[in-house]
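Colleague: One structure follows; several queries about it will come next.
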Amino acid sequence: MARNFRRQRTTQPIADLNVTNLIDLGFMLLIIFMVVATVSKQEQTLPINLPIESKSIQTKPDPDDKFQSITIQADGTCTLGGRPLTLAQLARELAPFGAQPKPPVFRIRMDAKTTAQQFISVMDELKKHKLFRFTIDTQTAP
């Protein structure tokens, strides 16, 4: 007697859904967002000791404003957006911002031990390029 090794045909649809690929995609997107969030906050994590001020009411920034960060460290080095620069290089980098119709607001972050001359030098470069919108980051007293 001959055997028949064929499968019997079923008319039922396959009810199993393979979600392995969707889980892999979810984890990959999670990793990408974590890396992007880390890179975007990197400029604010430069280890500096901000000056201390008393608590006061803060005004909310305009949501249309763009911000650029300038960090002045205790040894006199400056960074613009996380890139270390000398004062002469900073002057060259500020020129394109001065030519914009609506320049960004500059966040000045400086170490508590930064000298007044270092601060004034950076402010002078901002004034030369007609960049008058800035904020000074501080930490509040405990």
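The values are calculated or read from the model by the stated rules, or taken from the named source; none is laboratory data. Here the structure is a predicted model, which means the values were calculated and not measured. Note that each Cβ is placed from the backbone with ideal geometry, even for glycine, and that neighbours are counted across all protein chains shown.
Colleague: Could you please let me know if Val122 is closer than 18 Å to Leu50 by Cβ and touching a Cys at 6+ places or on another chain (Cβ under 9 Å)?
Modeller: Spelling it out, Val122 is indeed closer than 18 Å to Leu50 by Cβ and touching a Cys at 6+ places or on another chain (Cβ under 9 Å).
Colleague: Next question, about the same structure. Taking the condition of being of a type in the set (Phe, Trp, Tyr) and assigned to a strand (DSSP E or B), how many residues in segment 91-142 meet it?
Modeller: Count: 2.
Colleague: Name the residue that is surrounded by the fewest Cβ atoms within 10 Å (Cβ to Cβ), counting only residues in segment 105-134 that are β-branched (Val, Ile, Thr) and touching a residue at least 40 places away in the same chain (Cβ under 8 Å).
Modeller: It comes out as Val105.
Colleague: Here are some residues: Lys102, Lys66. Which one is modelled with pLDDT of 80 or more, among the charged types (D, E, K, R), loosely packed, with under 10 Cβ neighbours inside 10 Å and within 22 Å of the chain's Cα centre (by Cα)?
Modeller: The unique qualifying residue is Lys102.
Colleague: Take Thr45 and tell me if it is at pLDDT 85 or above, under 30 Å from Lys127 (Cα atoms) and under 21 Å from the mean Cα position of the chain (by Cα).
Modeller: no
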